[in-house]
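A short reminder: the numbers here are calculations on the coordinates, not readings from a lab. Nothing here was measured: the structure is a model prediction, and the numbers come from that model. In this analysis, Cβ positions are derived from the backbone assuming ideal geometry, glycine residues included, and neighbour counts consider all displayed protein chains.
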Ligand SMILES: Cc1ncc(COP(=O)(O)O)c(C=O)c1O
């Protein structure tokens, strides 16, 4: 069983929801990525999503665009992301790491070489924003065979046929993009998400995480009430951006506040959305 | 609008030209692209759509565009005869408008009241704004903030036509970043918005659809050349940025034996300087902007900044069909430097009384290299994709002048 499956099984047994934070590798500085990953775990992360910076992040809003630009300006690369994961694994054997990024850095390394190197470094899953199921039949197969869960997105525009497509190609969990837009948008419609998650979960037979637009304990709790996992990205990047010098401590504290809100749900004390 | 009489049948049903092309976009856009594929397929088979498109091209754009024999220039070069396909005479001054009309008509049939576009030099932005005004559609054009500065006159033209021009501050602040931002707008407003892509790039069906609309250029040539000279040309040349004017003139000739197709990329300061935009000549295959194609990228797969004196060629990718034509050797791709393009620009001004676009000047410059190596009875057909009015500023500056 993969590390990702293990996490979801354990959480499900406890009636808890997964908290999946996202940070851009190399932001605000390459040497801070490892301490930030550890702080995310200390603050209650169940899975860490590590953004692989790309020069042309088409699906990202201004916050993650800026983070990617700063990371690249400091020499971050896919190879260095893998080194960072290897360093993380030296002290953490349990928390799954999912790489999130765009196709071209993987294409440049070569799909097979990437899968082998990522698995060897201790990566558990990979989410390639611009590899829809149609375009990565062989990549998804290579990833699965090489011990990586290929994770796919579903969107508010996705119909039932798409559910089936990602169910076939993907493993680990499904990432439901909560709104039409780029990362960091603030148009989250919780009722709409609540309406769609049950049908998606039933169709894909995997845990469903929800991301894009989750910014605080309240929105995390309301999404956590319906989804299996809550993904927070831009809001964490903002926490890093606005607290130079104190990033690690601030991210840990922010994570604790979200963790507490999600665990309150499990204890049945959650605000009824 | 496919050629029925040739075995060349690309792209395949999933939008691939061999290993190139495809649909590499985020999930949110997949249904929108499926909807577009269906809508476009319906238009292709609708005689009313085709008739309306032809009417617009004739009465609004001024087609067919003539072919002109550049006699003096050919004589001075002392070799093959150079003929120019005069896309510079189109309304708005370039080939771009052919495609904008086609896509705006599809948008109308899909009931989308808002169109968006990316632009580099501003030519595609102006053509989109023009057509949006003509059809009463809301129009937003994304343009890198560097290009907004370099192309102030075209920014003003777009505003006169009622478009909103949004300067893009991310990345290298040029065409590729404008394309990223237009994609972000589309993801966000996908329900009421149609994205009019300006070249034969982007996710399927764009490379095919833009090619089909631009193919009017080559189809006219197929008829005009026999009328004029009694036969088809020996070479067809065109500049390649994203590749739409080249694809438009190449595609109808793909199945015609004996016609060599030559695409001319911007070699900028020279291919060995690293400051150029020659994706096919100097790039490697990768994935960007929704398709797999040749890209200018570093070892890590990051897209690198490009350079060309002509903003319209300043793009790190190229349409996937050109990648396929290169690999299959049906077309050949070469580079022309800024200096060579400028020389051809001045030659055409002085010898033929035609001020060409700097983009088109790249194709002219290669014709000027090729012609003297060939006998006088050979024929080169060059796609003169646009006129140079927009480039006055750049050329003057290069000559040490200020307006
Ligand atoms: C006159 C002209 N020619 C050529 C191009 C390059 O585009 P493409 O390669 O798609 O024809 C442009 C782009 O702005 C242009 O304005």
The range B:291-403 - percent relative contact order, Cα under 8 Å, separation 6 or more: 19
Highest-MSF residue in chain A out of A:129, A:193, A:137 [GNM, Cα springs under 10 Å]: A:137
Highest-fluctuation residue, B:141, B:106, B:229 considered, GNM on chain B with Cα pairs under 10 Å: B:229
Using distinct alpha-carbon pairs, which all enter the 1/r mean, Kirkwood radius of chain A in Å: 18.3
Estimated inter-spin distance, residue B:222 and residue B:59, nm [label 7 Å along Cα→Cβ]: 2.6
Segment residue B:191-residue B:156, length gained on full extension (0.36 nm per residue, minus Cα span): 9.7 nm
Residues listed by number, the range A:12-41, amide nitrogen under 14 Å from residue A:92 label point at 7 Å toward C-beta: A:19-26, A:32-41
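How would you classify the range B:330-383 from its alpha-carbon gyration tensor, with a ≥ b ≥ c the square roots of the eigenvalues: rounded for a/c under 1.5, else prolate if a/b is greater than b/c, otherwise oblate?
Verdict is oblate for the range B:330-383.
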Average Cα contact separation per residue, the range A:93-154, under 8 Å, 6 or more apart, as relative contact order %: 40
Fewest-first ranking of B:403, B:53, using other Cβ atoms within 10 Å as the exposure measure: B:403, B:53
For residues of A:104-112, the mean tally of beta carbons on other chains within 10 Å: 5
Estimated [θ] at 222 nm from DSSP helical runs (n ≥ 4, -39500 (n - 2.57)) normalised by residues in chain B, nearest 500: -12000 deg cm²/dmol
Prolate/oblate/rounded call for chain B, Cα gyration tensor, a/c under 1.5 rounded: rounded
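Please give the FRET efficiency for residue B:260 paired with residue B:402, using the beta carbon to beta carbon distance and R0 = 41 Å, rounded to the nearest 0.05.
Efficiency, from the Cβ-Cβ distance: 0.45.
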Other protein chain Cβ atoms within 10 Å, averaged over every residue that makes up B:163-171: 2
Mean separation of Cα contacts under 8 Å (6+ apart) over length of chain A, as relative contact order %: 22
Distance between modelled label sites at residue A:186 and residue B:46, nm, 7 Å Cα→Cβ extension: 4.1
Likely footprinting exposure, B:100, B:349, fewest C-beta neighbours within 10 Å first: B:349, B:100
Peptide A:174-181 - average C-beta neighbours from other chains (10 Å radius): 3
Among A:24, A:95, A:157: highest mean-square fluctuation, GNM of chain A, C-alpha pairs under 10 Å: A:157
Estimated D of the range B:276-403 in µm² per second, where Rh is the Kirkwood radius over Cα pairs and Stokes-Einstein applies at 10 °C, 1.306 mPa s: 99
Estimated [θ] at 222 nm from DSSP helical runs (n ≥ 4, -39500 (n - 2.57)) normalised by residues in chain A, nearest 500: -15000 deg cm²/dmol
Cα-based shape type of the range A:14-152, given that a ≥ b ≥ c are square roots of the gyration tensor eigenvalues and the cut on a/c is 1.5: rounded
Neighbour-count order for A:8, B:49, A:212, fewest beta carbons within 10 angstrom listed first: B:49, A:8, A:212
